[in-house]
Each structure stands twice: as structure tokens, then as C-alpha cells.
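This report concerns only the one structure given below.
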Amino acid sequence: MSDIASELARVREAFDKPTLRLLDRKWAPFVLAVFKSSFSRDRRSVPCELLHTQVDAYLADLRSTGIDAPEKTGRALCVQWMNDLWLYREVRDTADETGKEEHYSLTSHALEALLLVDGLARDRALISESRLSTIVDTVRHRATEANPDREERVRRLDQQIDELTSERDRLAGGGDIAAASNEQMHEGYANLIDLIQQLPSDFKRVEESVAAMHRQIVSDFRGEERPISEVLDDYLAKTDALMSSTAEGRAFEGAFTLLRNDTLMQGLKADLETILLHPFALELSSGERRSFMSTVTLLRKGIDDVLTQRKGLTTTLREHIVNHDVVKDRELERVLRDINRELATWMQTAGPRSTVTAELMPGTLEVEHLRERFYDPVAHRAPPALADVSSTAPAAPSLGDLRQQGGPLLEELRDALVAAFAGGSGEEAAASVGGLFNGFDGSLRRPVEILGLLQLAAQLSPTADSAGLESFETVRPDGSVRLFDVPRRILTDDDAAALAAQNLGYQHE
């Protein structure tokens, strides 16, 4: 029986994949040309708004030259390409890290389509010495690892050692070094470029596999009705087996073990530089040489992108687990089930064109005021009676005691100054404000009375004597004594007469 039916099914399945759907569309050349012009190895993502503008500019250029182009706008085309799984949109931090910005990047399907078109567009040898040598060396290495026979493996290793030792001895003895021709180097370079260009799509497939696995985990997590502990255990188990449960993940784990060897990467970089030192490299363009030398950077960037994707999605899942409210989800699910049940009941009697008017959002209640506090009997209960402690209360202070705690007694100070100045025996003692103060009664020598004296002296003679400071011996209401140094001031006969006149005026009032 012919197996054409099974082969036809396999071919149809291949044509249903986004890669061949991209190549099978009417505007496939335009789409691939846009991808080729907008993205490169060094520019793996483009801000969404910038790509929309670029596509609009490409469409305008083609229409101005009379070339047929799609009628949609750049934004509409990008959204369509994203729905067709040719573009992937993600949110990234801006360059100045002040906010977020959406970026487009090519999916693995678009990268594979570009790689296929590039391979068909350039001239390359279908078979060469370099490609055959790569195949032979790879087969020999895998056969050695696959053979469990100890003696056979030792024989293969001895054979390689003998060949290498013989060549080393020949070179050490002055033997000729056969330099590779330009044709051989071109063949080897074309073989390497063919392998290197497949790396971006390989890394992108791993990223998409990781993202799909995490999306499935999130979907399972939201749809689970099991206890949260069982869901978390299942999530952790899937995360541990994430890279080993898919073909892309297993391939990446093997490559990652090899590529995280810094010594190997440094050796690869040195070998790339050695290849470009050959005369054939003069025939390469600067872009080709720069792209060839960035192979190590391409490998490291691909690994970083996969690890970043895995770390970012794991962080998202952790935040989802922390903030996930199972009770609210179950309440919403119960409400939706009730709505479906009511709809099923209504459909038993409703006609084919029956409609139900339903508000998308509930209306606003017309309530002027919502009570925030309700009646509390405790709030209206009288407070308990105060205890009578009048028997233990201290005696009330007298008016004299209260005055001793107040401000300066200006009238009494003025009288005391006039009396002390008139009865002074010595000119110097009578004229000194400090000397007069120290002769007052204790009730007029409080610290606050110094401020009253300074106020009276400032009204008569605003300037202080240049003799310096003099001591005021004050007596506090509790009987303690304290000395204060105050600028020296002198009272004259005119000052005393002015004080007496002021005092007389206050008495008449």
C-alpha cells in the first residue's frame, strides 16, 4: 500500500507552520524585505512605534516607484505579522531606565524563513572539502563516543595520537607547511557562515519554548481547583524539569555546558582572528569580517537572552503566586456558572431574535450621603462621675506668690531706682544700675527684674557704658541666689529726674 497519504499529511503539517506560511503568502517578498531591512544580528529588537514608522516609510517608497505594496498601514501590518507568529512583542526598560517601552523582535519562524531565503539567494557550493571534512570528523567523534568497546575506543585514540605525533615530528624536523589556498578558505568560511547563521533561530526557538512552557504552567495554575500546596509542588516540579522536558531545552542545556567554558570561548575568538589573518579575508567586506568576528558575542548574547527569559518569567510566576487570590477566583467562577445556568433557562423560552438589555458596567447609585458610622449605645452613655479629691488638694497660691512667678514689676523698679539714686552716698555706686539693683529688697531682685531694669535704662540712655560688664546678684522666689553679668550702665541726675517724672505721671493716671 502506498504511503503517499501519510507523506501528504506530513507536508501539509509543515506548510501549516508559520515559517512556510510566511513564504507562501502573496506579500512574502515584501515582509521578508522589511524584516531584513529592520532587523540584523546587532539589532535584534526595534521599538514598536519606530517599526510602525519604518514600515510606513517603506510602503511610501515602494508606491512612489510604482511597485505594488500592501494597502494597510505600518501599525496594522505589524499587528497582523504578530498574530501570524512572525513578530514577538515584549515590554522592556527604556535606555535611560526611566520607564517601559514595547519592542518588536523576530520569532524563530521569521528567522528560519530569512535564513532559507538567504541560502537560496547567495551562491554557495552544495558540496565542498570543508563540508565533507566536517561531516567525517563529526561522525568519527560520535562513533568513538557511541562505541562501548573499550579496546576499539583505545585503538581509535591511539590512531589519532599516532597521526598527530607523526605530523608534529614532521613539522619539528623542518617539514614544509602546506598553506591553505584562498579557494579552500572560502569553502571553509562558507561552511562556517552557514552554521553560524542558524544560531539566532536556534536560540529564539529555545526562548519561545521556555515562554510556552511557562504560559502553560500559568494556565494550569489558574485553572486548578486543587489545594494551593499541590499546585505549587507541581509548578516547582515542572520548573526543575523545564530545560529537560523539551527538545530545544535539552539541546540548549548541552550547548550551555560547553559554551560557559571561558577557556573554550577565548580559544574560539583567537581561532576566528587567525582565520581572518589569511589573505582570502581581503576579499571579504568589512561587514562580513565584523559579523564573522562577532560570533562569540552572538553565542554569549543568545545564552543571556535565554537565561533572561527564564528568569523574567520565573519572576512573573512568583509574583502571580504571591498575589493570586484563590477565593476571589472561585467566587468569580461561581458567578459565571450561575450566569450560564440562567442563560440556559432563558433560552428554553426565548425566540431566535430575542435580546436582553444588559449594562456593561453597573450604574451609579443616587445616594447623597452614605453613613460611615452607625449608632453605638456606648457613645451616648454618660461618663463616670469624678472622684472628690478636694481634701487632698494643695493650698491655693496667694496673689503675691503668683506675682513672684510673673514678669518684671516696672513701677516698683522705677520707685526703687529713684529712691536708691536719691539716697546714694557715692557717685559711682549711685550711678551704677547694677550697684543700685544689688541694694534692692529681695522681692525686687528676681532674675526677671534685670530685663525690667534694662528696659527702663534703654528708654533713658540706649547706649551702654564702655567699662564692660557688672554683676547682678539675683534672688529667685525659692530663695536661691544666682549671679548674672550684664553690660554696665550709668544713671545720671537727668535720668533720675526723668524716672521720677515718669513715675509721677503714672500715679496721676
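A few comments on the model shown:
- Computed 3J(HN,Hα) for the stretch 407-417, one whole-Hz value per residue from the Karplus formula 6.51 cos²θ - 1.76 cosθ + 1.60 where θ = phi - 60°, is x, x, 8, 5, 5, 4, 5, 4, 5, 5, 5, glycine and proline marked x.
- Highest mean first, the peptides 289-299, 160-170 sorted by other C-beta atoms within 10 Å per residue fall in the order 289-299, 160-170.
- Put simply, the amide H of S432, placed in the peptide plane, has neighbours under 5 Å in L491, leaving out anything fewer than 5 places away on its chain.
- Cross-link check: pairs K204/K311; K100/K328; K36/K100; K100/K311 evaluated at a Cα-Cα cut-off of 23 Å; pairs beyond the cut-off: K100/K328; K36/K100.
- Of the trypsin sites (Lys or Arg not before Pro) found in the stretch 341-410, the ones in coil according to DSSP and having at most 12 other Cβ atoms within 10 Å of their Cβ are R353, R371, R373, R381.
Values quoted throughout were computed directly from the atomic coordinates according to the rules given, and no laboratory measurement underlies them. Given the structure is predicted, the values throughout are model-derived calculations rather than measurements. Neighbour counts are summed over all protein chains in view; Cβ atoms, including those assigned to glycine, are modelled from backbone coordinates with ideal geometry.
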